[in-house]
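The values are calculated or read from the model by the stated rules, or taken from the named source; none is laboratory data. Computed from a predicted model, the values in this text were never measured in an experiment. Note that we place each Cβ from the backbone using ideal geometry, even for glycine, and neighbour counts take in every protein chain shown.
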């Protein structure tokens, strides 16, 4: 792999901007086809951009500032400012990349010279290549969609007005721009105006893609080298004869990387400044335009607003990536996001980078509203189940209603008990986090694969967040959509069906205010319930992945220990203490989650059975809601049991790692010490539910099997 492989999307942006691709010594040359045509399109696009900038100002001076009422004047001003900043940022990118082209190619040549070869083990080239290419691909696809929508909207709008005879043709171009020819009422003038803006935006978007991809490329290249330097410094052994010379090389290497970083900053200074200033103005003015303009124009400015937010975010995110090092807090990102969603109290510990922020009165009120509604939801489900009419003609329908209430009650019981454990054990969890923070400093060593575990952990947590969020949106929007559908279909009787069967001390059937109040109460209850369950689930995964990192690092250090080394006994003594500390930490985590494991596994078995039975009784929309409930319970238990299984596998690596090193070359004291470690690691460590069932995939499959047996038993009662 070479630096040339990272240039795929940069080259595609260059082709779109009609400029030659960046070339440096050592890069394969490109056959230049249609070079003169590209130069003509580039010049034409640049001229169109300059004309469009002047045209936006002239149009506002001639038309926009003449508005009589305040709302129209503000709308015209905001529309002019958002369009103008979009054009100016694109033109600034054209100027910056054109003027600094030689410097960029020189910088790329220097990065090619120091690009690590395949035999250098301290560099994670493939990892950073995959990250950079993923971000560049997403940027390229987004800007292509934005470009197509932005330039096709005027033509599609004109066609729509032409098809519908009741509308006059508006001849509205992409932006309100003055042209030295007639546009309104002239098809030829309108086409020329649209083509002029399309050519200018083609070059401008191409340069924006190149700019962002270059920032992404430079950022990940610098991060690759900083990561490689830190890895080499960690593995540097000062006892080796050539350690002094190797350290001198690393110092010179670090100075060179700092100089390259300064060069990147100098080249992109103008881009950074124009982007931040322009994006700040454009985001403000585009938001005002969206609020004041018609729907079609608002949709156009929504796309521009999203483009500016993404453009600014990527640049700032790349800067953050360069100067940030992985911390324990990086594993708590989604836990903090879940806490913020329901205003749950966040966990704090010594060593956390972000400062502790006390929740204000509004946040505390939101939290208590959700907590009280969740607590009442349990009572409401019991009351509703008590009042269910058992005199129905179909006993299966009666059982289905009871099963639906019981499954929802199980879900709220799990959430309520998790909320209680989350608040009551907050100090215990924070003390455990303090100890993990102290241990996390060890993961800077080369024996630890922290980034690999972080990527795997983040991927699973992110998928769980997306799934839970989709389920919450469907669950809470279903009653409103059902009411709207029944109202539009001229139904004789509205059902007034809320999210779950719950009794409230006011009338919900036949009363719009009562129905809406019940829906809002259940929204708060569901938000708190899902957030608490996700938080406890993510905390299990968090502690599991931290223990996996340390058990894996311990095993890798045992594999590399040399029994012949004079300090081998001291090293082994340290690893024995380290192993003991990990086992004690794992036991503390297990004690904190004992109740969570028990309630989750036992309640989910019964609730999954009842939800499956309810699916066979009710209509499609209700069955789909119950299917989501089953998926939530299955996902909830699976992620916890998966963490337990991975912990068993990683802790099981300690014994073979201790056995397969050269212990036979050590003295008797070394062998006795190693024997103590091996006896302690004979059985892999596993979490247990009050020392009963292990938290593993085996237990998970047993719960699913028991749920299915219960389901078939209930279904047989016909």
(request) With the condition kept exactly as written, say whether any residue in the range 167-182 is touching a helix residue (DSSP H, G or I) at 6+ places or on another chain (Cβ under 9 Å) and at positive phi. (result) yes
(request) Being crowded, with 17+ Cβ neighbours inside 10 Å and over 18 Å from residue 693 (Cβ atoms) is the filter here, so list the residues in the range 584-606 that pass it. (result) 585
(request) Please indicate, with yes or no, whether at least one residue in the range 231-242 is surrounded by 17 or more Cβ atoms within 10 Å (Cβ to Cβ) and touching a helix residue (DSSP H, G or I) at 6+ places or on another chain (Cβ under 7 Å). (result) yes
(message) Among the residues of the range 1-39, what is the count of those that are surrounded by 12 or more Cβ atoms within 10 Å (Cβ to Cβ), more than 37 Å from the chain's Cα centre (by Cα) and at pLDDT 80 or above?
(response) 2
(request) Determine, yes or no, whether residue 696 is closer than 24 Å to residue 456 by Cβ, under 34 Å from the mean Cα position of the chain (by Cα) and buried (at least 17 other Cβ atoms within 10 Å of the Cβ). (result) yes
(message) Based on this model, can you work out whether residue 115 counts as buried (at least 18 other Cβ atoms within 10 Å of the Cβ), in a loop (DSSP other than H, G, I, E, B) and in contact with a helix residue (DSSP H, G or I) (Cβ under 8 Å, 6 or more places away or on another chain)?
(response) yes
(request) Give me the pairs, please: first residue somewhere in the range 487-503 and farther than 22 Å from residue 385 by Cα, second residue anywhere and at pLDDT below 75, beta-carbon distance under 8 Å, and either six or more positions apart or on two chains. (result) 487/494
(message) I need the full set of residues from the range 504-521 which are surrounded by fewer than 19 Cβ atoms within 10 Å (Cβ to Cβ) and free of Cβ contacts under 8 Å to residues at least 40 places away in the same chain, in order please.
(response) 505, 506, 507, 509, 510, 511, 512, 513, 514, 516, 517, 520
(message) Regarding the range 682-693, can at least one residue be identified that is closer than 29 Å to residue 471 by Cα and surrounded by fewer than 15 Cβ atoms within 10 Å (Cβ to Cβ)?
(response) no
(request) Could you please find all residues in the range 665-687 being assigned to a helix (DSSP H, G or I) and in contact with a helix residue (DSSP H, G or I) (Cβ under 8 Å, 6 or more places away or on another chain)? (result) 669, 670, 671, 673, 674, 676, 677, 678, 680
(message) So if I check each of 474, 504, which one is touching a helix residue (DSSP H, G or I) at 6+ places or on another chain (Cβ under 8 Å), over 30 Å from residue 327 (Cβ atoms) and in a loop (DSSP other than H, G, I, E, B)?
(response) 504
(request) Mind listing whichever residues of the range 593-621 are assigned to a helix (DSSP H, G or I) and without any contact (Cβ under 8 Å) to a residue 60 or more places away in the chain? (result) 602, 615, 620
(request) For residue 367, state whether it is outside the structural domain of residue 114 (by TED's automatic domain parsing), assigned to a helix (DSSP H, G or I), at pLDDT 80 or above and touching a helix residue (DSSP H, G or I) at 6+ places or on another chain (Cβ under 8 Å). (result) yes
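Each row is one residue, and each column tells you yes or no for (1) in contact with a helix residue (DSSP H, G or I) (Cβ under 8 Å, 6 or more places away or on another chain); (2) farther than 18 Å from residue 98 by Cβ; (3) not assigned by TED's automatic domain parsing to the domain that holds residue 217.
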| residue | (1), (2), (3) |
| --- | --- |
| 20 | yes, no, no |
| 26 | yes, yes, no |
| 30 | no, yes, no |
| 35 | no, no, no |
| 44 | yes, no, no |
| 56 | yes, yes, no |
| 61 | no, yes, no |
| 71 | yes, yes, no |
| 76 | yes, yes, no |
(message) Need the failing condition index for residue 279 against (1) surrounded by 15 or more Cβ atoms within 10 Å (Cβ to Cβ); (2) modelled with pLDDT of 85 or more, just the number.
(response) (2)
(message) For the structure I just gave you, tell me whether residue 706 is surrounded by fewer than 21 Cβ atoms within 10 Å (Cβ to Cβ), part of a helix (DSSP H, G or I) and more than 31 Å from the chain's Cα centre (by Cα).
(response) yes
(request) Would you be able to say whether some residue in the range 159-182 is farther than 29 Å from residue 310 by Cα, in contact (Cβ under 8 Å) with a residue 12 or more places away in the chain and within 39 Å of the chain's Cα centre (by Cα)? (result) no
(message) For the range 643-655, give me each residue that is in contact (Cβ under 8 Å) with a residue 60 or more places away in the chain and surrounded by fewer than 20 Cβ atoms within 10 Å (Cβ to Cβ).
(response) 653
(message) Quick check on residue 195: is it within 30 Å of residue 170 (Cα to Cα), loosely packed, with under 15 Cβ neighbours inside 10 Å and modelled with pLDDT under 90?
(response) yes
(request) Filter the range 370-402 down to residues that are surrounded by 13 or more Cβ atoms within 10 Å (Cβ to Cβ) and at pLDDT 70 or above, then give me how many there are. (result) 21
